[in-house]
Structures are given as structure tokens and as C-alpha cells.
Amino acid sequence: MTHQLEQARHWIDGEWAAPESPGSPSTDPATGETIGTYTDGDRAVAEAAVRAAVHAFEHSGWRDDAMRRSTALHRLADAYEARTGDLIDTLCLENGKLRGEAAYEVHFIPRALRFAAGLALHDFGRVTGTKPGQQSMSIRQPVGVAGIITPWNSPAYLSVRSLAPALAAGCAAVVKMPAQAAQTARVMSEILAAVDELPRGLVNVFIESGSQGASHLVKSPHVPVISYTGSTAVGRVILADAAASLKRVGAELGGKTPHLVFADADFDAALETVVASCTVFAGQFCMTGSRVLVQDEIADRFLAALARRLEQVRPGPAADPESQIGPMIDKAAVARVDALVEEALAAGAKPLVRGGPSTDPALARGAFYHPTLLEVTDSSLPVVQEEVFGPVQVAQRFATEEEAVDLANATRYGLSACVWSRDVDRPLRVARRLDAGLISVNSWANLAVETEEGGWKGSGLGRLGGVASLDDFTEYKQITQNYL
């Protein structure tokens with residue numbers, strides 16, 4: 001298959017950066033084929049983007065006009081809806097997602113923008129009569145320029161998930177897009193450029209394979225808030241660098257989602273969802289169901305059925321409608337995941353399904369990895385404790401509800417968890433005891449832009465979605481007035 005090769009360029013201060021010759025290649029992870037090129041950013045590019053954002057924040061009037069912000073966010077939602085097909089095609093080609101997975105990611109974007117448009121009209125301030133002849137107002141104002149650092153695994157939505165509340169709050173923004181999502185950044189920038197209601201320089205997008213530009217955002221005194229989605233390891237670096245200036249950081253980091261499957265669960269529903277939670281985007285999702293905790297009474301039957309289902313999963317590219325799991329982002333990711341599996345096997349993990357790099361000649365050029373299922377008894381193993389970020393599940397057995405909760409909480413992560421039970425009381429009782437920000441009952445990864453999303457423990461700080469999504473991008477101010 002041939003593709004029109006386009007160069008993705010930075011969008012800064014309402015203008016496209018000059019193209020590079022020849023440019024860095026964007027590749028299809030399913031075939032290794034070059035699908036376009038991109039201009040690669042650095043510190044200088046980030047500095048230019050910050051200057052443009054500061055000017056727009058200070059001089060455009062955006063921060064003072066809530067109705068203008070709400071209208072523009074609705075127009076931006078319209079513009080995204082008009083490019084839905086292009087975004088889906090780009091994610092399939094560049095990101096490796098199967099078509100249904102890409103469509104699922106994209107469908108959140110207009111919804112998030114329209115929800116933010118509503119938030120723009122509600123700043124949630126208040127007025128209190130503190131004593132006779134005096135009133136005290138608490139108002140919220142935008143902090144300034146938001147630095148948004150986006151991961152490659154769901155770049156279309158995760159960029160907007162931070163951008164939408166930042167704009168609703170009245171901030172300007174600089175969005176750093178990863179090189180693996182350069183073509184997605186191109187489509188995003190084209191959409192932004194089409195919305196006349198957005199002031200020039202209010203939103204700036206640059207692409208970077210390295211970290212110089214991102215580091216500048218974190219350290220710049222002109223960027224008072226960072227909204228980061230990505231690994232816990234990089235999150236720690238960002239937080240340490242931001243601490244020097246007491247900069248605010250919102251961070252959604254890694255996860256290690258457990259499924260707690262009790263004996264009274266709907267067996268078939270749980271099985272189907274546990275399989276999907278491992279295979280969606282080849283397990284490259286912060287809420288991948290990477291841990292399967294099963295009650296003793298059904299453990300043998302459930303794990304045997306899960307193993308059969310995972311063995312039958314068919315890898316393939318998005319272009320093939322029969323594909324059931326797409327490629328990983330690149331072959332380096334395949335090698336990294338397989339090394340973690342080998343380490344676990346050497347430490348005593350039992351392979352219920354070995355999986356591994358595909359040996360199918362038809363898939364040899366791509367980064368395909370067959371699902372793997374390991375049973376373990378030692379929770380201290382790295383494969384249990386660390387985010388694998390691939391289609392690998394570890395299974396453990398439990399006898400009691402107390403043991404299930406203890407096993408689920410025995411990692412440094414706390415992003416999400418799933419409880420499977422048809423008991424009336426158990427799901428809520430267990431959910432209240434789990435150290436995680438999102439609990440799905442008889443389901444998995446129930447995301448909604450209208451409610452707060454984020455992690456506990458090593459899974460992050462702050463919340464995106466819901467009313468709390470404004471918190472990272474606004475500051476409170478108290479104004480007390482004496483009157484006669």
C-alpha cells in the first residue's frame with residue numbers, strides 16, 4: 001500500500017514551521033513502512049512556542065471572556081468532528097490501533113471539548129458576608145501558560161484531555177507531541193488552524209523526538225503549570241525539576257490494573273472483558289488489565305478458559321478487519337516486553353500462555369506480540385510490580401475478600417481496578433478499600449469526561465475530567481471589600 005507522504009510541522013504563533021529536508025521519518029508499526037516525515041523540535045522551538053503563548057495570554061483578551069472561550073471550544077469540537085475520519089485513519093496508520101480502538105479514542109474528543117465549553121461559563125467562585133459592612137469574594141483566575149506533554153499511546157485524545165480544561169479556564173497552551181505521533185500532531189494542528197475563534201498563538205504545537213523542548217516547558221518561569229501524561233519514571237523527573245520553581249504539575253502516570261474476579265462473578269462477561277483488557281492497543285494503555293486475581297473456587301476453570309482465549313487472539317494490522325490485536329509501537333518495545341517475560345520465567349513464573357514476538361512471516365516487518373499469561377505466587381516479582389506496557393497478564397489466586405484486596409493494593413500503582421461479583425454489597429465494599437482512582441464494577445476502564453480521572457500513589461497527582469479538571473489551570477484569589 002502506498003501513502004501520500006506529508007511532513008508534519010510545528011504550529012507556533014499561528015504559523016507553520018519551515019519544513020526540514022528530508023525530515024525525520026514517521027513509520028507504520030504494522031509494516032515498518034515510512035508514511036510521512038516530521039520536523040523535529042528542540043529547546044529553541046519550545047522557547048518560541050512559549051513566547052507566542054505568553055503574548056496571546058496577556059494581549060488577546062481570552063482570559064477575561066468566558067463566553068468567547070465557550071463558543072471557541074464548541075467550534076473546536078465541530079472542527080474535530082469534521083476530521084473524525086482523518087484522525088481515525090492516522091491513528092490506525094501511525095499508532096497501530098485497530099480501527100475500532102482508534103474510533104473509540106477519537107469519540108471522546110468532541111465530548112471533552114463540549115464539556116469544557118460548559119465549564120468555561122462556571123468559574124465556581126463565591127461571595128460571603130464576613131461581617132456587617134464587609135463582603136469577601138473568592139474568585140478563580142487562569143494561571144497563565146499551560147505546558148502539555150502528551151504520550152504516544154493515545155495522542156489524539158490525551159492532548160485534548162488536558163487542552164480542553166486549560167482553554168476553558170482561560171489559559172494559553174503549548175502542546176509537546178511525541179515523534180511517534182507526529183502525523184497525529186499534524187492533523188491536530190490543521191484542526192486548530194481552522195478555528196478562527198482561537199486567538200493567534202493561544203495554542204501552539206511542537207513535535208519532538210527528544211526531551212529538550214519538554215524540559216524547557218518544565219523549567220521555564222513563563223509556564224506556571226505542566227499537565228503530563230506518561231510513565232511514572234519520567235513523571236518523577238518532571239516533578240523534581242518543577243520543584244525548583246514550585247511549579248504546579250498535574251500528572252497521570254503508570255498503572256497496574258487488577259481484575260478481582262470473585263467466585264460469584266458472571267464468568268463469561270468477566271472472561272470476555274479480561275481478554276479485551278489485555279489486547280486493546282496491544283496492552284499499551286495505562287489501564288491495561290495486567291493483573292488477574294481469581295478466587296480459588298473458579299481459578300482453575302477461569303484461567304484455563306482465559307489461556308484458550310488468549311492463544312486464539314489473532315495479531316494483524318488495522319487494514320485487516322480480521323485482526324484482533326494490533327502491533328506495538330515499535331520493535332524495540334517488543335524486545336523490551338519479551339525481556340521482562342523472560343526475566344519472570346527465570347524467576348519462577350508459570351507460563352499459561354507464552355505468547356511473544358510473532359513468527360508469522362506475513363507480520364515479520366511489524367512490531368507484533370502475541371498475548372502472554374503468567375501465573376505467579378510471588379507479588380514481589382518485577383512483572384507484578386512494574387508496568388509492562390504490553391499484552392502481558394499475570395494471574396494470582398486468592399481465597400478471601402481480604403486477601404484479594406491485599407493483593408490488589410500490593411503495588412506502588414493506583415490508577416484503576418476492576419471488581420467482578422454479582423453480590424449486592426461486595427463490589428461497593430471492596431471498591432472503597434482499593435487504592436485506585438477509578439474502580440469499574442463488572443466492567444473495565446469506564447472512562448467518562450464528566451467525572452474526575454486520575455491515580456493514587458505512584459499513578460499520579462491531580463485530576464482531569466469533571467469539575468476538578470479546572471483545578472490545575474486556575475488559581476484562587478480572595479478579594480475583601482468594606483462598604484458603607
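The values are calculated or read from the model by the stated rules, or taken from the named source; none is laboratory data. Since we're looking at a predicted model, the values are computed, not measured. Methodologically, a virtual Cβ is constructed for each residue, glycine included, from the backbone with ideal geometry; neighbour enumeration extends over all protein chains shown. Heavy atoms of the whole protein, side chains included, go into the accessibility calculation; ligands, DNA and RNA do not. Shrake-Rupley method; radii C 1.70, N 1.55, O 1.52, S 1.80 Å.
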Cut-off under 5 Å, modelled amide H: who pairs with Ile325 long-range: Arg314, Gly316
Accessible area per residue, Å², the chain with all protein chains present, probe 1.4 Å: 40
Size of electric dipole in segment 137-278: Cβ of Lys, Arg +1 and of Asp, Glu -1, about Cα centre, debye, nearest 20: 780
Antiparallel DSSP beta bridges within the chain, percent to nearest 5: 40
Point-charge dipole on Cβ atoms (K/R +1, D/E -1) for the chain, about Cα centre, debye to 20: 1200
Backbone HN-Hα couplings from phi across segment 12-20 [Karplus 6.51/-1.76/1.60, Hz, Gly and Pro as x]: 10, 6, x, 9, 7, 5, 4, x, 8
Nearby lysines by direct alpha-carbon distance to Lys247 (threshold 22 angstrom, same-chain neighbours under 8 apart not counted): Lys176, Lys219, Lys457, Lys477
Label corresponding to Kirkwood radius over Cα pairs in Å when calculated from the structure given, among (i) 22.2; (ii) 23.4; (iii) 28.8: (ii)
Surface share of carbon and sulfur [accessible, 1.4 angstrom probe, percent] for segment 283-417: 52
Translational D in µm²/s for segment 20-62 (Stokes-Einstein at 10 °C, 1.306 mPa s, Kirkwood Rh from C-alpha pairs): 123
Helix-derived mean residue ellipticity, 222 nm - over the chain, DSSP H n ≥ 4, -39500 (n - 2.57), to 500: -11500 deg cm²/dmol
Charge tally in the Cβ shell below 14 Å around Gly14, where Lys, Arg are +1 and Asp, Glu are -1, Gly14 excluded: -2
Whole-Hz ³J(HN,Hα) from phi, Karplus 6.51 cos²θ - 1.76 cosθ + 1.60, for segment 446-461, glycine and proline x: 6, 7, 8, 5, 7, 10, 5, 10, x, x, 9, 6, x, 9, x, 9
Convex hull projection area averaged over all views, segment 226-280, Cα basis, nm²: 5.3
Compactness of segment 328-484 - radius of gyration and Dmax, Cα, Å: 20.9, 85
Order by protection proxy (mean Cβ within 10 Å, highest first), peptides 379-386, 276-283: 276-283, 379-386
Partners for Lys331 among lysines (Cα-Cα distance below 17 Å; same-chain residues under 8 apart left out): Lys97
Net charge over other residues, Cβ less than 10 angstrom from the Cβ of Ala318 (K, R count +1; D, E count -1): -2
Alpha-carbon Debye profile of segment 384-426, log10 I(q)/I(0) at 0.14, 0.22, 0.25, 0.27 Å⁻¹: -0.41, -0.94, -1.13, -1.24
Residues with amide H under 5 Å from that of His370, placed H, sequence gap 5 or more: Gly356, Ser358
Relative packing of 27-40, 218-231, which averages over residues the other C-beta atoms within 10 Å, highest first: 218-231, 27-40
Long-range amide H partners of Leu438 with built H, under 5 Å: Ser416, Ala417
With 10 Å bins from 0: P(r) over segment 102-244, alpha-carbon pairs, percent: 11, 37, 32, 13, 6, 2, 0
